[in-house]
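A.B. asks: Below: one structure in structure tokens.
The values are calculated or read from the model by the stated rules, or taken from the named source; none is laboratory data. In this text, all values refer to a predicted model and were calculated from it rather than measured experimentally. We place every Cβ from the backbone using ideal geometry, glycine too, and count neighbours over all the protein chains shown. Accessible surface areas use protein heavy atoms only, side chains included; no ligands, DNA or RNA. Shrake-Rupley method; radii C 1.70, N 1.55, O 1.52, S 1.80 Å.
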Amino acid sequence: MKFSSSSILSTMALAISASQLLTPVSALSSSGENICGWTITEDKKMTADSVCQCDRDEPAVTLRGGATLDMDGYKIRCLGSEKAEACIYVSGTGATVKDGTVDNCEIGIHSAGGGEHTVLGMKVTNAMVGILVRDDSDDVVLSGNKVDSPDKHGIVIEGDNVLVSDNEVDSAISVGIYIEVEADDAVVRGNAVLNSGEDGIYVDGDTTLVESNAISDSGMNGIQVDNGSEDAQLVRNTIKSSGAAGVYANEDNILIEENEITGASHLSAIVASGDDVMIIGNKVKDFQDDGIVLSGSNGFIEANNVISLVRFADGIVVGTYGDSTISLVANMIAGNTVVAEDAIVMKSEGDNTITNNHITGDTLDYACGNNNWEDDNTYVNGRHSVACA
């Protein structure tokens, strides 16, 4: 799954000329000061809702660098047969918008320009994308916002060094929080991502930290890392009731640590297919397929707690099933507690080591005994068998 930046931008007609930014939008409300069509360059506090007759090719309100728009609990709402390009277009450097609601635009809040913007305590409804941070907008902070039922994605990040913290995204048709391939060094922390139609959090950018998020009822994966993204860290997330995998990491140099994953419906709780992947201290249970699957070399599976009460669901699998084994080497499976019908399954040729695990269930080695099963593994109601695939 990949939604390119160009497809998103072309779909939403995001190119905005300087003349369009200055074109007024019609104001329909008359109670209090109405800011429809304004370009705000100095600090402003709203005193009333602004209901605007919007145009698809321009934002309802433009906020330029250095200014703060304090909405003070009020709303900017677009009417008309077509949604506005954006309810609030933030440009330049160092602007802030906070404490209000935007409604019925293609993009709720669109951050562009020099960056260093802050979006704080906003609510976005009836949008295609709730909040978009463009690739020319770095060092942006999105905190305490709520995006409700967007028609595509909740939050999309293209800029570097963006902090996405303590936001709530509910019922995105596609992805809850999307870190695009252009976005490096993003931090996604403490967010609640609920009922996404596809993935809860999707990571394409490099060196992304995904930490302490609560992700539930995703149609596909709770968290997916793909498309060349490296050095991602997925740490202390709680993931419940994913339609596919809890975590699906298809790249190298990934850390998957101290996550709690329950209820992966159609894939394993954790699926990792790159090299140099570290899977440490996770708790996984109630999965329908396998608990942890690693299909790479030089990996480390340590101190995980894997419990399956479903028949035929394996606990930890290294390698893939098929007519022959694959060459995966130097993986370490150590110190795990595993409860499953087949607790540990090695479908891999190579010098992999299995040591100091507490195992309830059988263990299987399809690599003709070429892996190293140390004597310090503890077996409860199970047996170890070696076969040649």
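A.B. asks: Scanning for something hydrophobic (A, V, I, L, M, F, W, C), over 11 Å from the mean Cα position of the chain (by Cα) and farther than 16 Å from residue 254 by Cα, does segment 196-219 turn up at least one residue?
C.D. replies: Within segment 196-219, none of the residues are hydrophobic (A, V, I, L, M, F, W, C), over 11 Å from the mean Cα position of the chain (by Cα) and farther than 16 Å from residue 254 by Cα.
A.B. asks: Right, here's the next one. Which one is most open to solvent (accessible area, probe 1.4 Å), of the residues in segment 293-303 that are within 20 Å of residue 250 (Cα to Cα) and part of a loop (DSSP other than H, G, I, E, B)?
C.D. replies: 298
A.B. asks: Then there is this: Among the residues of segment 249-278, what is the count of those that are assigned to a strand (DSSP E or B) and over 15 Å from residue 209 (Cα atoms)?
C.D. replies: Looking only at that region, the number is 6.
A.B. asks: Out of the residues in segment 348-364 that are in a strand (DSSP E or B) and modelled with pLDDT under 85, which is least open to solvent (accessible area, probe 1.4 Å)?
C.D. replies: Selected residue: 348.
A.B. asks: If you don't mind, there's one more thing I want to ask. Residues of segment 250-291 being open to solvent by less than 10 Å² (accessible area, probe 1.4 Å) and farther than 17 Å from residue 330 by Cβ, which ones?
C.D. replies: Scanning segment 250-291 gives 256, 259, 261, 264, 268, 269, 270, 282, 284, 287, 291.
A.B. asks: Another one. So, in segment 153-175, exactly how many residues are open to solvent by 40 Å² or more (accessible area, probe 1.4 Å) and in contact with a helix residue (DSSP H, G or I) (Cβ under 8 Å, 6 or more places away or on another chain)?
C.D. replies: Of the residues in segment 153-175, 0 are open to solvent by 40 Å² or more (accessible area, probe 1.4 Å) and in contact with a helix residue (DSSP H, G or I) (Cβ under 8 Å, 6 or more places away or on another chain).
A.B. asks: Kindly establish whether residue 148 is in contact (Cβ under 8 Å) with a residue 24 or more places away in the chain, in contact with a Leu (Cβ under 6 Å, 6 or more places away or on another chain), open to solvent by 10 Å² or more (accessible area, probe 1.4 Å) and under 19 Å from residue 126 (Cβ atoms).
C.D. replies: No.
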